[in-house]
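Quick notes on the structure that follows.
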Amino acid sequence: MKSLFTLLFAFTTSFVIAQNLFPPLDTNYRAREIRVSSSLKMDVLFEGNRDAVWNGSQLAIAKTWHDFTGLVPLGTGNDSCILIVNHEMREGYPGVKDPILGDGGGMTVFRVNKNASTGRWSVGTYKGQKFWNVDFKPVRGTYTNCGGVTLPVPGMFMTAEETSPTSNVGITTVFNDTSDVVIPSGPYKGRTIKAFQNYGWMTAVDALNAKALYKSYAMGRSSYEGGWATPNGKIIYLGTDNGTLSPFMRFVADTANRYEYGQLQAYKQSADGKSGTWLDIPRDWDSLYNCNTVAFRKGATAFTRLEWVVNKGGKLYISETGTDAANYKPAIALGGVPSLHFQRLDTLGGAVKDSIFTDFYGRVLEFDTTTNIMRVFVEGGVGSKFTFSNPDGLSIHEQDGKTYLIVVEDINGNTQKRSGGNGQFICEAYFLDLSIQNPTFNDLRPFVAGASGGELTGSVSTPDGKTIFINSQHPYENAILPSSSINIPPFNNDMTVAITGFSLASPTKELKITDDFSVYPNPAQDVINFNKTTDVSLYNISGQQIRIARNANSINVSDLKSGIYFLQTIKGAVVKIVKE
């Protein structure tokens, strides 16, 4: 490879720019679409409320509120795989009652393929159809399908019903059938329960055959969000998104890979935080139906909105989303104990030790499955370039021998610099290098910014780490909002996208200089104008990316030192500029 000196002064036809897995993401904009870092590419794969989904006999418009994403590799999984997307339908949301795809929540299964020449992803066919609806009739439907668990058996998943309704009256806007339910299988087979009591459980799904198998009543009725299953098929660790009445749970199956029977347990942190124990929840129906209350009566530790759970090397990473008004009094009254990191924050919301405080930003926790030690891994907060707030979805991303945690936001509110301003909510996705022992939010690297109002969630990576699939949920879509907040189609729909362009294996990239793109004046002192509107990256003479501009026809360089710089367009055209 030619030296940079030779390339600059011999006017050769190419030069070298250092590439980075974490190119800067410009967050200073009014987002009406999903934005990715400058060197990345994005393909829209699946749109809610637009694409047609097959139910086995007919097509219907896809459900919305995309959440958990599961991946089943085909071959290596790097070029073709099956994706599983949960639909977190909400009570009263248009189209919740669905005679074709089923009332309530749902799940869609589809195949995606990567083009060998372009590296771009598209939807293929699976069993003769593009999109398959999962049949939840065997379990009388699901209320919401939020987070989930990838099980050790390929194609098998648990889907979480995050919301637990409290009466039949409360579900009449969601379900046509509110008659009593007779439990079809498991330890309570034959028991008759009210319709609303059948929702709020983890449900096993055979995604490759698009069919729900059973609800795990033994796993307890809680606001479960996400979880992680051990490779031996024996234990599932579970996050409970239930405000300040959120215990950390795990389920120990009686038989590997069968989650209908087993022991539900709640975590109790030691007084000094140096260990912890697991408390058995009785296996009777009443205890499991009210498992959160029973857990706190036994002295379980209380958290604020535990959501997704992922694992790397026996360390679990758990998103604790936080909330603006965290009131621990109900949990304490039952016998629960706030976690140690909340006890030290107890002065933030009022009088010292009043058990009420604000937790605007949330955090990611780390749990050691060997020692039972729970600690704060990275706190949310306000930085100079971005605000890390309310982590929700998590996934593990492995690439080129390194491991990263992908963290996505679900912003709780628009105060404390948590939103994008102008009436918008802007959620972002970040990389965090897990080799950093005690990271801060300044170690996070944003690479995706969601469309206004849209929660980012459900990230999952191909095995080679070169593609990340991620969902955008409930973006702003209607004219009730200010025109500046309405997203540009198709980004006003729920969607699943593929993001590519990640590479560490080749630390440098050779780019051709072309005359398709030109600038003036050159040399320049203040502003450099372009002959076309485009996205550009600005590099210094060392090949470091120092600035990006999107949809721009000029760039301001008045603050830069005199010298030689390079502008690269999104199409790869490069122009050398001189700053006087």
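The values are calculated or read from the model by the stated rules, or taken from the named source; none is laboratory data. Computed from a predicted model, the values in this text were never measured in an experiment. In this analysis, Cβ positions are derived from the backbone assuming ideal geometry, glycine residues included, and neighbour counts consider all displayed protein chains. The area values use the complete protein model at the heavy-atom level, side chains included, leaving out ligands, DNA and RNA. Shrake-Rupley method; radii C 1.70, N 1.55, O 1.52, S 1.80 Å.
All of 86, 133, 113 fail the test of being over 29 Å from residue 216 (Cα atoms) and within 24 Å of the chain's Cα centre (by Cα), apart from 113.
Residues of the range 51-101 that are under 17 Å from residue 148 (Cβ atoms) and small (Gly, Ala, Ser): 70 alone. Annotation note: Cβ proximity below 8 Å between a residue of the range 192-219 that is in contact (Cβ under 8 Å) with a residue 24 or more places away in the chain and at positive phi and a residue that is open to solvent by 10 Å² or more (accessible area, probe 1.4 Å) and among the basic types (Lys, Arg) (sequence gap 6+ or interchain) occurs for 200/221. Residues that are modelled with pLDDT under 90, of a type outside the set (Ser, Thr, Tyr) and open to solvent by 60 Å² or more (accessible area, probe 1.4 Å) do occur in the range 353-364, at least one of them. Comparison of 378, 408, 448 shows that the only residue that is in contact (Cβ under 8 Å) with a residue 40 or more places away in the chain and over 22 Å from residue 304 (Cβ atoms) is 448. Annotation note: of 40, 59, the sole residue that is aliphatic (A, V, I, L, M), modelled with pLDDT of 75 or more and over 21 Å from the mean Cα position of the chain (by Cα) is 59.
Restricting the first member to the range 178-189 and to residues that are free of Cβ contacts under 8 Å to residues at least 24 places away in the same chain, and the second to residues that are open to solvent by 30 Å² or more (accessible area, probe 1.4 Å) and assigned to a loop (DSSP other than H, G, I, E, B), the beta-carbon pairs closer than 9 Å and six or more apart or on different chains are 178/168; 178/172; 178/194; 180/194; 182/189; 182/190; 182/191. For the range 243-269, a residue qualifies if it is open to solvent by less than 20 Å² (accessible area, probe 1.4 Å) and hydrophobic (A, V, I, L, M, F, W, C), and the qualifying residues are 248, 249, 251, 253, 264, 266.
For the range 76-91, the set of residues classified as at pLDDT below 95 and open to solvent by 50 Å² or more (accessible area, probe 1.4 Å) consists of 90, 91, listed by residue number. Screening 138, 152, 99 for residues that are within 21 Å of the chain's Cα centre (by Cα) and surrounded by fewer than 18 Cβ atoms within 10 Å (Cβ to Cβ) leaves exactly one candidate, 152. Selection over the range 374-389 of residues that are farther than 19 Å from residue 438 by Cα and either in a strand (DSSP E or B) or in contact with an Asp or Glu (Cβ under 6 Å, 6 or more places away or on another chain) (or both) gives a count of 0.
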